[in-house]
Amino acid sequence: MAKLPIVTIGDPVLQTRAQEVPRITKKIAKLIDDMIETMYEADGIGLAAPQVGVGQRIIVADLGEGPVVLVNPVIQSAQGEEIDVEGCLSIPERWVYVKRAAEVEVSGLNEKGKQVRLKAEGYFARALQHEIDHLDGILMLDRSLGEATPEELDDAGEEGE
């Protein structure tokens, strides 16, 4: 596995819709492994392929229960609303309030190419929506309801996505 460079705001790949992955190849499997390592090295909880300069529809996330991989993820349903603070590995040192669905059901392929469907709520649902936004060229700043102050961050104990 290899740590990949994380692209930051201003790179056009972050504002471009990523392409579907036709099938899981050895190259895609390696990319997934490298994305997971990169996410951990950066102390993130999620990472989308465009964030490492790859315009393909792949996300990884880990909120403490092991990595979740979704290739070609689609939000099948969303319920409720929550406003909370988000950060982003591609937008260092910025924290903003974003309104997201409180619960989502997402389908896609896992790292082995098998169709999966998962339900998520709370911060996991937020992380999945944040990463899927990256696949559509949408940044958290595009959904920002306002900046969070350092005091608010200390209270929240937020980590990067």
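Bear in mind these aren't lab numbers, they're just calculated from the coordinates by the rules spelled out. Because the structure is a prediction, the values reported are computed rather than measured. Every residue, glycine as well, gets a Cβ built from its backbone with ideal geometry; the counts of neighbours run over all protein chains shown.
Can you sort Glu111, Glu82 from fewest to most other Cβ atoms within 10 Å of each residue's own Cβ?
Numbers: Glu111 19, Glu82 15.
Ascending Cβ contact count within 10 Å gives the list Glu82, Glu111.
So for the range 1-131, if I pair up every lysine 8 or more residues apart or on another chain, how many of those pairs have alpha-carbons under 25 Å apart?
Step by step, the pairs that qualify in the range 1-131 add up to 11.
Within 10 Å of each residue's Cβ, count the other Cβ atoms and sort Lys112, Lys26 from fewest upward.
Numbers: Lys112 10, Lys26 7.
Ranked by crowding around the Cβ, least crowded first: Lys26, Lys112.
Taking the Cα centre of the range 12-156 as the origin, how large is its charge dipole in debye, to the nearest 20, when only Lys and Arg (+1) and Asp and Glu (-1) carry charge on their Cβ atoms?
Numbers: 15 positive and 26 negative charges, 235 e Å.
Charge dipole, the range 12-156, about its Cα centre: 1140 debye, nearest 20.
Once you have a ≥ b ≥ c as the square roots of the Cα gyration tensor eigenvalues for the range 2-127, tell me rounded if a/c is under 1.5, and otherwise prolate or oblate according to whether a/b is larger than b/c. Can you show the working numbers first?
Numbers: a/c = 1.56, a/b = 1.11, b/c = 1.41.
Here the range 2-127 falls in the oblate category.
What's the exposure ranking of Thr38, Thr25, going from fewest to most Cβ atoms within 10 Å? Can you show the working numbers first?
On the way: Thr38 21, Thr25 11.
Ordered by Cβ neighbours within 10 Å, fewest first: Thr25, Thr38.
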